[in-house]
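Everything below concerns the one structure shown next.
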Amino acid sequence: MRILQLHSDFIVFKPIEKEINTAEEATKEEVRVEEVVVLFIAVEAGDNTALAQRAIDDARAFLGKLKANRLLIYPFAHLSSNLSEPSTAFAVIKDMEAYAKQKGIETFRAPFGWNKQFTISIKGHPLAEMARSYTPTPVTAPDVQVGGEGKKDEEPVSAALKAEDTMKSYWHILQTDGSLVPIEEFKFKGQSNLQKFANYEIKKTRAVTQMPPHVPLMKRLEIADYESGSDPGNIRWYPKGRMIKSLLEQYVSLRVAQYGGMEVETPLMYDFNHPSLASYLHRFPARQYVLKSEDKELFLRFAACFGQFLMAHDAQISYKQLPLKLFELTRYSFRREKSGEVVGLKRLRAFTMPDCHAFCADYKQAKAEFMERFDLSLDVLSNIGLVKDDYEIAIRFTKDFYTEHKEFIAALAQKFGKPMLAEVWNERFFYFALKWDLNFVDNQDKAAALSTDQIDVENAKRYEITYVDEKGEKQYPLILHCSPSGALERDIYALLEKAYREQITGKAPMLPLWLSPTQVRLIPLSDKFLDKVTELAQQITAKDIRVDIDDSSSTLQKKIREAEQEWIPYIIVVGEKELESGTLSVRIRETKGKQENLTTEELIDKVSKQITGKPFKPLPLPLYLSKRPAFHG
């Protein structure tokens, strides 16, 4: 059981819609509770009544310290990916409520199984925010041996990760003319998204306290879901989601190949005690998965750096071949993110990361390459469906680097055309001298990094990567680390969050047409038209457009409504009139269902123009809806 405990001035919540079929009955009325300790609770597999009572006893003791006696039990499933069955979870929640009331606590409970909207005001004292975790029986974590036989230690944490929590940052806004303005002096008028991003970065509060909108969307649209049989942060992908992810993989790989990246493949795991790797681990701010094989301690890679650097170490490189560009689409990279930060597709422990390294002779060459990759990254995201209004950029460097390369940094800012958040350090601790990362700001005013690039000034020497210069002498190159899209799972998170935001503003939420699992839905007016509609579907499919047919027994109105709920871009009802005239009445989602009369050839041309230049994959599910299983109940 996982509990987020918040001492609150008040909480206001309102049930919006049932999230599961077995949700309890509840009214959609707003509820306000004041001066209350809120328990956000995820019931996990194996939790029972005894555990529920233990949690309430702890909460009761906490209430005693506060001299308070009001408790709200709030079911909150996404604190864990190891959830119990809904019926068991509901029973445990009700046991907690009954036991709390039995102990004389004034107890409230939010309805189980509902997607709820809430607003909360948390008090400011040191004990106001606490996290609790309970297991039915004591569990002893396996020892992790690092750095010598028989040595028991905590989960290994890199020196860089520890430094990230303690090092002093100086925050500025980098303006488009290259000047730095201390953040407390900057006027954020017209820059509300940048202000939200700055607040998020400076506070470094990554824990999630409410369900992001993309989580119910990824489930309802049958894109992805949590996998209770795996470690948290490892996601199951349904056919629609796998197709979307595969198209992104193909698109980014194609763009990097056009840029000149040579695609390679490297191992998933590496020796913890390899001298170069061990040194690098402590310069990279990430937590590792650790495993043991025979006499070796191994870690799962969190980027493609390790394999590409070892490959470059063994290569014979001339200055004539620089910049040398190696690329890998890592499926998967692994990072042991904190459990309270793992949520939906935003922050995962296993993710797909396009990773392109460029080995450059000197700063002049590195800066030119850096600029080209900056353009590549912005263009890749734009074609995925994320434009400059959707994100903000953070750029990070030392004071000395800024002084030495001010014109270059100003050129980056001018190219972006919007102010950037700048994190400035007195001295360099990480392996990079300069880094930028592009961040999507979501509906909870939290951010997630997508594209990034870095100028690495350490690892060539660490891995003994050299090239032969004009004089025949060996030199160490600079290394650029770029992911032009960032983790592909995060791209999908950003697209779903963006669609939700557009829905709030009155637009029809949808995915980009080239990523929509079904691009055209055909609805026969009755079964007697099914054969002709199938012929029509085959005609459209032959032009690399994904078409399906709703042959279910539902009413016409329900079929149209369900197509809209699936975000189908083009919906066409086909009957006698359409077949005889050859003209189709097409409902276009982008224009909120506005109908347009098109011939089949005009429809094909309209769709094809919007997806030209993008990868194509066939329909990921059977043509007929009656043949499809329901992956999410």
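The values are calculated or read from the model by the stated rules, or taken from the named source; none is laboratory data. For clarity, every value in this text was computed on a predicted model and none was experimentally measured. For neighbour counting, all protein chains shown are included, and Cβ atoms are generated from backbone atoms with ideal geometry for every residue, glycine included.
Of everything in segment 438-448 that's part of a strand (DSSP E or B) and modelled with pLDDT under 95, which residue is farthest from His357 (Cα to Cα)? Reasoning before the result, please.
Pass one, segment 438-448, residues part of a strand (DSSP E or B): 438-441, 447-448.
Within this subset, residues satisfying the condition of being modelled with pLDDT under 95 are 441, 447-448.
On the way: Val441: 27, Ala447: 25, Ala448: 22 Å.
Filtering first and then ranking leaves Val441.
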> For residues in segment 479-522 being out of contact with any Lys or Arg (no Cβ under 6 Å at 6 or more places or on another chain) and polar (S, T, N, Q), which is nearest to Glu249 (Cα to Cα)?
Replying inline: Ser485
> Is segment 433-440 home to any residue that is more than 27 Å from Glu341 (Cβ to Cβ), of a type in the set (A, V, I, L, M, F, W, C), assigned by TED's automatic domain parsing to the domain that holds Gly486 and surrounded by 20 or more Cβ atoms within 10 Å (Cβ to Cβ)?
Replying inline: yes
>> Condition (residue is part of a helix (DSSP H, G or I), free of Cβ contacts under 8 Å to residues at least 40 places away in the same chain and touching a helix residue (DSSP H, G or I) at 6+ places or on another chain (Cβ under 9 Å)) applied to segment 414-423: is it met by at least one residue?
In response: no
>> Being under 22 Å from Gln414 (Cα atoms), in the same structural domain as His405 (by TED's automatic domain parsing) and at pLDDT 70 or above narrows it down to one residue among Gln210, Gln191; which is it?
In response: Gln191
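For segment 305-331, which residues satisfy the criterion of being closer than 22 Å to Ser246 by Cβ and either acidic (Asp, Glu) or outside the structural domain of Lys474 (by TED's automatic domain parsing) (or both)?
In the first step, residues of segment 305-331 are kept if they are closer than 22 Å to Ser246 by Cβ; the result is 327-331.
The one that is closer than 22 Å to Ser246 by Cβ and either acidic (Asp, Glu) or outside the structural domain of Lys474 (by TED's automatic domain parsing) (or both): Glu328.
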>> Tell me yes or no: at least one residue of segment 510-528 is buried (at least 18 other Cβ atoms within 10 Å of the Cβ), of a type in the set (D, E, K, R) and in contact (Cβ under 8 Å) with a residue 24 or more places away in the chain.
In response: yes
>> Can you tell me which residue is farthest from the chain's Cα centre (by Cα) among those in segment 481-491 that are part of a strand (DSSP E or B) and buried (at least 24 other Cβ atoms within 10 Å of the Cβ)?
In response: Cys482
>> Going by what's in this entry, would Tyr467 be described as in contact with a helix residue (DSSP H, G or I) (Cβ under 7 Å, 6 or more places away or on another chain), on the phi < 0 side of the Ramachandran plot and at pLDDT below 95?
In response: no
> So which of Arg428, Arg396 is of a type outside the set (Phe, Trp, Tyr) and assigned to a loop (DSSP other than H, G, I, E, B)?
Replying inline: Arg428
> From the list Gly190, Gly233, which one is closer than 25 Å to Asp437 by Cβ and touching a Leu at 6+ places or on another chain (Cβ under 6 Å)?
Replying inline: Gly233
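If you take the residues of segment 536-567 that are of a type in the set (A, V, I, L, M, F, W, C) and within 17 Å of Leu603 (Cβ to Cβ), which of them is surrounded by the fewest Cβ atoms within 10 Å (Cβ to Cβ)?
At the first step, the residues of segment 536-567 found to be of a type in the set (A, V, I, L, M, F, W, C) are 536-537, 540, 542, 545, 547, 549, 556, 560, 563, 567.
If we keep only those that are within 17 Å of Leu603 (Cβ to Cβ) too, we end up with 536-537, 540, 542, 545, 547, 549, 563.
On the way: Leu536: 23, Ala537: 21, Ile540: 20, Ala542: 10, Ile545: 21, Val547: 24, Ile549: 23, Ala563: 24.
By that ranking, first place goes to Ala542.
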> Can you name the condition, by its number, that Gly472 falls short on among (1) at negative phi; (2) out of contact with any His (no Cβ under 6 Å at 6 or more places or on another chain); (3) part of a loop (DSSP other than H, G, I, E, B); (4) at pLDDT 95 or above?
Replying inline: (1)
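Tell me the residue from Phe351, Phe334, Phe359 that is assigned by TED's automatic domain parsing to the domain that holds Arg236, under 21 Å from Ile223 (Cβ atoms), touching a Phe, Trp or Tyr at 6+ places or on another chain (Cβ under 8 Å) and not polar (S, T, N, Q), please.
Residue meeting the stated conditions: Phe351.
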> List pairs: first in segment 563-587 and under 17 Å from Gln539 (Cβ atoms), second crowded, with 21+ Cβ neighbours inside 10 Å and among the aromatic types (Phe, Trp, Tyr), Cβ under 7 Å, 6+ apart or cross-chain?
Replying inline: Val586/Tyr570
>> Residue pairs, Cβ under 6 Å, 6 or more apart or interchain, first in segment 252-267 and part of a helix (DSSP H, G or I), second of a type in the set (S, T, N, Q) and at pLDDT 95 or above. List them.
In response: Val252/Ser485
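Rundown of residues vs (1) farther than 26 Å from Glu25 by Cα; (2) of a type in the set (S, T, N, Q); (3) touching a Ser or Thr at 6+ places or on another chain (Cβ under 8 Å), yes/no style:
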site: Phe62; (1), (2), (3): yes, no, no
site: Leu83; (1), (2), (3): no, no, yes
site: Ser87; (1), (2), (3): no, yes, yes
site: Ile93; (1), (2), (3): no, no, no
site: Glu106; (1), (2), (3): no, no, no
site: Phe118; (1), (2), (3): no, no, no
site: His125; (1), (2), (3): yes, no, no
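Give Lys415, Lys446 a once-over and let me know the one that is under 22 Å from Pro212 (Cβ atoms) and not hydrophobic (A, V, I, L, M, F, W, C). Steps first, answer last, please.
Working: Lys415 fails: under 22 Å from Pro212 (Cβ atoms).
Going through Lys415, Lys446 in turn, the sole match is Lys446.
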>> For segment 319-373, which positions are among the acidic types (Asp, Glu), touching a strand residue (DSSP E or B) at 6+ places or on another chain (Cβ under 6 Å) and either surrounded by 23 or more Cβ atoms within 10 Å (Cβ to Cβ) or part of a helix (DSSP H, G or I) (or both)?
In response: Glu328, Glu341, Asp355, Glu369
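Tell me which strands (runs of 3 or more DSSP E) are completely within segment 45-137 and hold 1 or more residues being of a type in the set (Lys, Arg) and within 26 Å of the chain's Cα centre (by Cα), or say none if there are none. Don't jump to the end; show me each part of the working.
On the way: elements: 70-75, 106-109, 114-122, 129-133.
Passing ranges, in order: 114-122, 129-133.
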>> Taking the criterion of being touching an Asp or Glu at 6+ places or on another chain (Cβ under 8 Å) and assigned to a helix (DSSP H, G or I), would at least one residue in segment 530-550 satisfy it?
In response: yes
> In segment 455-463, is there at least one residue being under 28 Å from Ser179 (Cα atoms), assigned by TED's automatic domain parsing to the domain that holds Gln195 and surrounded by 20 or more Cβ atoms within 10 Å (Cβ to Cβ)?
Replying inline: yes
>> Can you list residue pairs whose Cβ atoms sit under 8 Å apart, with the first residue in segment 363-376 being over 12 Å from Ile455 (Cα atoms) and the second being exposed (fewer than 15 other Cβ atoms within 10 Å of the Cβ) and among the charged types (D, E, K, R)? Count only pairs 6 or more apart in sequence or on different chains.
In response: Phe374/Lys415; Asp375/Lys415
>> Residue under question is Val387, and the condition is that it be touching a Pro at 6+ places or on another chain (Cβ under 6 Å), closer than 26 Å to Leu217 by Cα and either assigned by TED's automatic domain parsing to the domain that holds Tyr476 or without any contact (Cβ under 8 Å) to a residue 24 or more places away in the chain (or both); does it hold?
In response: no
